[in-house]
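J.: Here you go, one structure.
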Amino acid sequence: MDIQDAAEHAINTWYTTDGLPEVKTEGAKTWGTFLPAGEPERFKAVCAERGVTYVQGLAQALTLWLDNHPSPSAPLVAQPVVRVLVANQKGGVGKTFLSSGMAQALAEAGHRVLLVDYDPQGHLTAELGFEDLMYEDDVETLMMHMDGSAKGDIRDLLVSLDGERFGERLHLLPASDDAFLRDVALSKVSFSEAALERALEPLEEDYDVIIIDGPPSLGLNMDTALYYVRRRDGELADRSGVITPVWANKASHRAFRLLRSQMDDLCKKGRIHVDYLGLIVNAYDSRRGKLVKANKEQWEKSSSPAVLAVIGDLKEGREAADGEIPLLEYAPESEHAQVMRDLAKELAV
């Protein structure tokens, strides 16, 4: 229900209810909404008759309404698996770092998580210690499941990240060396935008969250990933969607505009909706000068999408990647690790 309608319902019920207790309003945040013409005056008159302030009258009305309409303990409709694409065609901004870190934090919190290395360069696969899997011969690949040529079960491609912290809840779908040809291969696939969804659909019931480390390009590769995280029929808003890591520089602003343009074009042509979950300013260091600070502040002024976090240029993330050790295993108490836990809480799991 819209908050305006809820407030109107609340006030109308309040008119017919006597003997309501006083509601504590100290420290409450202010908010506002519209009411039908003439309603504010009527409400104020009734408040005067009852000897209560307007704030107290409104607090009583809303408390009464909330008591009569408690929030459901479960979604009203079954929700699909949460699908998050970490996307920016600009390389080096931290897509892999964020994809891996958020997935680890979610698994640590008890969620079943699948990480999909959708970057042909395979940085995520390598940094988690599975680089050799990218070059195995005579094995099926994600691309084969996308174009329909695979014969086996896609579950056979998955590997588990060991460690008591993740409790066998964190799995990786590695990159493969045929991924560099994905744009060409997808051009020959019917309804190519849905190719990734068709490949991953058998896995969805096994996981609470699927995180995709996006490709560094704006082609069919990106379209398939964007289409996969679109809002599905009956799915809550801002549950699945796109997170974009950026730097505090002009190049990142230009790259973001290009990505946003492709998203908007796909949504318009496909008649779909892709939610933007937020931006993350990565590798920020205020010592780099006034322009860096100004660019960071420009990002923070954005309300849609909003900035979810500003992550400092710290060493732990680089050291974990170089050592091919998951960040939360390498430096679980670090600032980087805590940021990942905070970001994990932002996802509507």
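J.: Any residue in region 69-78 that is in a loop (DSSP other than H, G, I, E, B) and in contact with a helix residue (DSSP H, G or I) (Cβ under 9 Å, 6 or more places away or on another chain)?
T.: yes
J.: Among (1) part of a helix (DSSP H, G or I); (2) surrounded by fewer than 23 Cβ atoms within 10 Å (Cβ to Cβ); (3) touching a residue at least 24 places away in the same chain (Cβ under 8 Å), which single condition is HIS111 missing?
T.: Only one criterion in (1) part of a helix (DSSP H, G or I); (2) surrounded by fewer than 23 Cβ atoms within 10 Å (Cβ to Cβ); (3) touching a residue at least 24 places away in the same chain (Cβ under 8 Å) is unmet by HIS111, namely (1).
J.: All but one of (1) under 25 Å from ARG230 (Cβ atoms); (2) in contact (Cβ under 8 Å) with a residue 40 or more places away in the chain; (3) among the small types (Gly, Ala, Ser); (4) surrounded by 15 or more Cβ atoms within 10 Å (Cβ to Cβ) hold for SER217, so report the exception by its number.
T.: (4)
J.: Same structure, new question: Out of ARG288, ARG341, I need the residue that is open to solvent by 80 Å² or more (accessible area, probe 1.4 Å) and either on the phi > 0 side of the Ramachandran plot or of a type outside the set (A, V, I, L, M) (or both). Which one?
T.: None of the other options fit; the residue is ARG288.
J.: Of the residues ARG165, ARG169, which is at pLDDT 95 or above, open to solvent by 50 Å² or more (accessible area, probe 1.4 Å) and in contact with a helix residue (DSSP H, G or I) (Cβ under 7 Å, 6 or more places away or on another chain)?
T.: ARG169
J.: One residue is enough: does region 93-106 have a residue meeting the conditions more than 30 Å from GLU333 (Cα to Cα) and of a type in the set (S, T, N, Q)?
T.: Checked region 93-106: no residue is more than 30 Å from GLU333 (Cα to Cα) and of a type in the set (S, T, N, Q).
J.: Checking the condition in contact with a His (Cβ under 8 Å, 6 or more places away or on another chain) and of a type outside the set (Ser, Thr, Tyr), which residue from TRP14, TRP31, TRP65 passes?
T.: Among TRP14, TRP31, TRP65, only TRP65 is in contact with a His (Cβ under 8 Å, 6 or more places away or on another chain) and of a type outside the set (Ser, Thr, Tyr).
J.: Could you tell me whether any residue of region 68-88 is among the charged types (D, E, K, R) and farther than 15 Å from ILE212 by Cα?
T.: no
J.: Which is open to solvent by 40 Å² or more (accessible area, probe 1.4 Å) and either within 16 Å of the chain's Cα centre (by Cα) or without any contact (Cβ under 8 Å) to a residue 40 or more places away in the chain (or both), of ASP238, ASP275, ASP206?
T.: ASP238
J.: Suppose we filter ALA126, ALA150 for residues that are assigned to a loop (DSSP other than H, G, I, E, B), at pLDDT 90 or above, out of contact with any Gly (no Cβ under 7 Å at 6 or more places or on another chain) and not charged (D, E, K, R); which single one remains?
T.: That would be ALA150, the only listed residue that is assigned to a loop (DSSP other than H, G, I, E, B), at pLDDT 90 or above, out of contact with any Gly (no Cβ under 7 Å at 6 or more places or on another chain) and not charged (D, E, K, R).
J.: How do the pairs read when you match residues in region 26-48 that are closer than 15 Å to GLN60 by Cα with residues anywhere that are at pLDDT 85 or above and open to solvent by less than 100 Å² (accessible area, probe 1.4 Å), using Cβ under 6 Å and keeping only pairs 6 or more apart or on different chains?
T.: Going by the 6 Å Cβ cut-off, the qualifying pairs are PHE43/ILE11; CYS47/GLY57.
J.: So, in region 1-36, exactly how many residues are of a type in the set (A, V, I, L, M, F, W, C) and either open to solvent by less than 90 Å² (accessible area, probe 1.4 Å) or modelled with pLDDT of 90 or more (or both)?
T.: 9
The values are calculated or read from the model by the stated rules, or taken from the named source; none is laboratory data. None of the values given here were measured: they were computed from a predicted structure. Cβ atoms come from the backbone with ideal geometry, glycine included; neighbour counts cover every protein chain shown. Just so you know, the surface numbers come from the protein's heavy atoms only, side chains and all, with ligands and any DNA or RNA stripped out. Shrake-Rupley method; radii C 1.70, N 1.55, O 1.52, S 1.80 Å.
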